[in-house]
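Undergrad: Please see the structure below; I have some questions.
The values are calculated or read from the model by the stated rules, or taken from the named source; none is laboratory data. Nothing here was measured: the structure is a model prediction, and the numbers come from that model. So basically every Cβ, Gly included, is an ideal-geometry build from the backbone, and we count neighbours across all protein chains shown. Quick note on the areas: whole protein, heavy atoms, side chains included, nothing else; ligands and nucleic acids left out. Shrake-Rupley method; radii C 1.70, N 1.55, O 1.52, S 1.80 Å.
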Amino acid sequence: MIENIKHFRAFQKRVKKINFKNLSISDKFPPLTYILLFALVTVMLAGSFQIIKAQTNSPTVLDPNLDVRTVTSGLTTPISMAFLGPNDFFVLEKNTGKVKLIGRGVVTEVLDLAVNNASERGLLGIALHPNFPINPRVYLYWTCLATPPPADNPFFPTATECPDQPAVGADTNVTLAVPLLGNRVDSFVWNAGARTLTFDRNIIKLRVFQHDGAPVPPGQGDQAQNPAGNHDGGVIRFGPDGKLYIIIGDVGRRGQMQNLPSGPTATGLGPTVPDDQFGGPEPDNAHLTGVILRLNDDGSTPSDNPFFHVGRFLPGEVGANIQKIFAYGIRNSFGMAFDPKSGNLWTQENCDDAFDELNLVDAGSNSGWIQFMGPASRIAEFKAIETSPPPFFGLQQLRFPPTRLANSPAEGMARLFNLRWSHYSDPEFSWKYAVAPAGIGFMEGRGIGPQYEGDLFVGAARTFLENGYLFHFNLTGNRRRIAVDDPRVEDRVADNFAKFDITESEEFLFGRNFGIGTDIHTGPNGNLFVVSLSNGEIYEIFRR
């Protein structure tokens with residue numbers, strides 16, 4: 001065991017010296033994948049894929065009146081959880097596709113989906129029906145798998161979608177082993193007596209296949225673009241209105257939902273060109289990405305959605321999909337939560353190197369990607385960072401490099417794809433250099449102290465800052481802004497000096513050593529629970 005620890009620490013030192021940004025595209029991994037690799041390196045120590053804790057320090061919080069305990073451990077890439085009652089909850093394992101029931105110290109496997117877990121794919125999100133358990137439906141966001149395309153034609157998947165009936169069992173990490181529409185949300189019925197989840201219906205199937213270096217459409221300049229599996233989003237939540245909200249990242253797309261009205265032309269304006277080998281840039285079924293969807297519990301579309309009437313005048317899949325949209329212009333997100341006091345929807349959004357965000361999302365919001373990240377007034381800094389020499393240059397997708405970004409706020413605004421009744425607004429908080437936020441959640445009630453009631457907590461998508469920080473934000477009285485004490489952040493931007501630097505975020509630091517914090521919830525007992533994907537554990541924050 002001591003020898004294993006020595007090997008692990010030596011590996012840590014080698015990993016910290018790697019400059020990921022200088023790797024070729026074929027060697028790059030998306031941010032969450034860096035950490036999955038880092039956290040899972042210990043599989044090599046014993047010769048099998050078993051996770052050993054990727055840290056020597058236990059999670060701690062800065063408030064001396066609070067403490068942290070481990071609720072359950074030994075999980076494989078836990079990513080999301082949902083409480084069934086006071087003493088039990090579901091937890092999802094991203095890479096195994098397993099749904100596990102944790103109750104009174106007993107772990108029961110209740111479902112094992114066959115997932116593609118390459119990069120940021122896998123079993124990602126869970127939401128219980130708002131009338132659970134009277135309505136015993138459980139909703140899951142996950143990535144199904146398919147036979148990969150042949151080596152001589154890798155740019156077209158072997159299937160458009162998986163069958164409605166989910167496959168169970170063996171998983172894969174082969175990037176191209178997915179259908180075109182392999183991200184999906186399904187409902188299952190929970191049988192408490194038998195402890196089983198039984199498939200009920202498919203809610204929606206969404207784009208997952210990414211291999212854009214295809215010879216068609218020609219002239220995109222991305223022949224070196226290798227296949228990827230990131231920016232899948234995956235968080236699902238029922239809102240106080242009883243509607244199901246689904247967030248999906250851009251999945252590498254460069255179309256209208258990414259504020260390129262004409263597709264990936266030089267500026268995104270001008271003659272319309274296809275987004276990829278499957279068409280676009282309009283949001284048909286193959287290009288409905290970078291959005292938050294709002295659906296009824298059966299998957300149908302609410303008639304009070306912000307663009308419902310806009311979609312009525314557009315043909316086919318495009319019109320039907322625009323009717324489903326609650327917000328768009330989103331790069332990627334690992335966190336979405338409803339404020340228990342106001343009912344407002346909040347998200348976090350990840351950029352590449354600059355201006356990660358916390359956002360208040362209203363109906364019809366346009367978050368601004370790819371034209372903006374961070375406040376519109378600071379677009380020059382956004383462009384300067386993303387066009388800087390390595391390790392910063394690039395926005396991952398080669399067909400729209402950062403050199404094409406606008407040079408002024410007015411120019412960026414003029415380029416936005418404007419659906420009627422859409423509106424752009426700046427983020428409520430952002431970081432000049434990325435700190436990679438992940439799961440977010442609100443404190444409901446006064447279980448850990450009245451001073452935290454209604455506050456927002458944010459976990460980390462990578463462990464390079466405080467070994468997995470936990471940030472804490474107060475909201476202003478109207479519940480629409482982040483409250484700040486430090487005059488340096490009156491503009492709601494932390495002007496840190498480099499990636500994973502805490503400068504100007506010191507007042508928000510609440511805890512450290514939480515690893516990759518992918519989900520945060522208030523439990524039935526009033527305490528705060530944090531899911532740590534990298535540590536394979538779930539933590540409970542409580543009053544001493």
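Undergrad: Collect the residues in segment 481-493 that are open to solvent by 90 Å² or more (accessible area, probe 1.4 Å) and touching an Asp or Glu at 6+ places or on another chain (Cβ under 8 Å), keeping them in residue-number order.
TA: ARG481, ASP485, ARG488
Undergrad: Name the residues in segment 337-357 that are in a loop (DSSP other than H, G, I, E, B), closer than 22 Å to VAL493 by Cβ and touching a strand residue (DSSP E or B) at 6+ places or on another chain (Cβ under 9 Å), would you?
TA: Of segment 337-357, the ones in a loop (DSSP other than H, G, I, E, B) are 339-344, 350-353.
The next check asks that each one be closer than 22 Å to VAL493 by Cβ; those that pass are 339, 344, 350-353.
Once the filter is applied, which keeps residues that are in a loop (DSSP other than H, G, I, E, B), closer than 22 Å to VAL493 by Cβ and touching a strand residue (DSSP E or B) at 6+ places or on another chain (Cβ under 9 Å), segment 337-357 yields ASP339, ASN344, ASN350, CYS351, ASP353.
Undergrad: Which of the residues that make up segment 415-435 are of a type in the set (A, V, I, L, M, F, W, C), within 22 Å of THR387 (Cα to Cα) and in contact with a Leu (Cβ under 8 Å, 6 or more places away or on another chain)?
TA: Correct list: VAL435 only.
Undergrad: State the number of residues belonging to segment 40-66 that are open to solvent by less than 50 Å² (accessible area, probe 1.4 Å) and modelled with pLDDT of 95 or more.
TA: Number of matching residues: 4.
Undergrad: For residues that are aliphatic (A, V, I, L, M), open to solvent by less than 50 Å² (accessible area, probe 1.4 Å), part of a loop (DSSP other than H, G, I, E, B) and within 25 Å of ASP298 (Cβ to Cβ), tally how many sit in segment 169-222.
TA: Within segment 169-222, residues that are aliphatic (A, V, I, L, M), open to solvent by less than 50 Å² (accessible area, probe 1.4 Å), part of a loop (DSSP other than H, G, I, E, B) and within 25 Å of ASP298 (Cβ to Cβ) number 2.
Undergrad: When both residues are 6+ apart or on different chains and their Cβ atoms are under 6 Å apart, which pairs have a first residue that lies in segment 150-164 and is over 13 Å from ALA286 (Cβ atoms), and a second that is surrounded by fewer than 17 Cβ atoms within 10 Å (Cβ to Cβ)?
TA: From residues that are over 13 Å from ALA286 (Cβ atoms), the pairs are THR158/THR147.
Undergrad: Let me ask something else. Between a first residue in segment 337-352 that is on the phi > 0 side of the Ramachandran plot and a second residue that is outside any strand (DSSP E or B), which pairs have beta carbons less than 7 Å apart while being 6 or more apart in sequence or on different chains?
TA: Close Cβ pairs satisfying both conditions: GLY343/PRO240.
Undergrad: Let me ask another. Within segment 90-119, restricting attention to residues that are open to solvent by 40 Å² or more (accessible area, probe 1.4 Å) and either without any contact (Cβ under 8 Å) to a residue 24 or more places away in the chain or on the phi > 0 side of the Ramachandran plot (or both), which residue is nearest to the chain's Cα centre (by Cα)?
TA: Of everything passing the filter in segment 90-119, GLU109 is nearest to the chain's Cα centre (by Cα).
Undergrad: Condition first: touching a residue at least 60 places away in the same chain (Cβ under 8 Å), buried (at least 24 other Cβ atoms within 10 Å of the Cβ), farther than 25 Å from ASP297 by Cβ and in contact with a helix residue (DSSP H, G or I) (Cβ under 8 Å, 6 or more places away or on another chain). Can you find one or more residues in segment 78-89 that meet it?
TA: Looking through segment 78-89, none of the residues is touching a residue at least 60 places away in the same chain (Cβ under 8 Å), buried (at least 24 other Cβ atoms within 10 Å of the Cβ), farther than 25 Å from ASP297 by Cβ and in contact with a helix residue (DSSP H, G or I) (Cβ under 8 Å, 6 or more places away or on another chain).
Undergrad: I'd like to verify a number: residues in segment 193-203 that are aliphatic (A, V, I, L, M) and in contact (Cβ under 8 Å) with a residue 60 or more places away in the chain, how many?
TA: Restricting attention to segment 193-203, the residues satisfying the condition of being aliphatic (A, V, I, L, M) are 194, 197, 203.
So of that shortlist, the ones also in contact (Cβ under 8 Å) with a residue 60 or more places away in the chain come out as 197, 203.
Residues in segment 193-203 being aliphatic (A, V, I, L, M) and in contact (Cβ under 8 Å) with a residue 60 or more places away in the chain: 2 in total.
A quick yes/no check of all residues on (1) under 19 Å from VAL138 (Cα atoms); (2) at pLDDT 95 or above:
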site: LEU176; (1), (2): no, yes
site: ASP186; (1), (2): yes, yes
site: TRP190; (1), (2): yes, yes
site: THR196; (1), (2): yes, yes
site: ARG201; (1), (2): yes, yes
site: ILE204; (1), (2): yes, yes
site: GLY213; (1), (2): no, no
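Undergrad: Before we move on, is ARG488 outside any loop (DSSP other than H, G, I, E, B) and basic (Lys, Arg)?
TA: Answer is yes for this residue.
Undergrad: Mind counting the residues in segment 319-336 that are open to solvent by 10 Å² or more (accessible area, probe 1.4 Å) and not in a loop (DSSP other than H, G, I, E, B)?
TA: The total comes to 4.
Undergrad: Could you check segment 247-298 and list, in sequence order, the residues that are among the aliphatic types (A, V, I, L, M) and within 24 Å of ARG201 (Cβ to Cβ)?
TA: ILE247, ILE248, VAL251, ALA286, LEU288, VAL291, ILE292, LEU293, LEU295
Undergrad: Let me ask you something else. Taking the condition of being crowded, with 24+ Cβ neighbours inside 10 Å and part of a loop (DSSP other than H, G, I, E, B), how many residues in segment 283-306 meet it?
TA: 4
Undergrad: Report yes if PHE542 is over 28 Å from PHE392 (Cβ atoms), open to solvent by 20 Å² or more (accessible area, probe 1.4 Å) and more than 22 Å from the chain's Cα centre (by Cα), otherwise no. If you could, list the steps in order and put the result at the bottom.
TA: Numbers: over 28 Å from PHE392 (Cβ atoms): yes; open to solvent by 20 Å² or more (accessible area, probe 1.4 Å): yes; more than 22 Å from the chain's Cα centre (by Cα): yes.
Yes; evaluated as a whole, the condition is true for this residue.
Undergrad: Just the residues that are touching an Asp or Glu at 6+ places or on another chain (Cβ under 6 Å) and surrounded by fewer than 24 Cβ atoms within 10 Å (Cβ to Cβ), please, taken from segment 223-253.
TA: GLN225, ASN230
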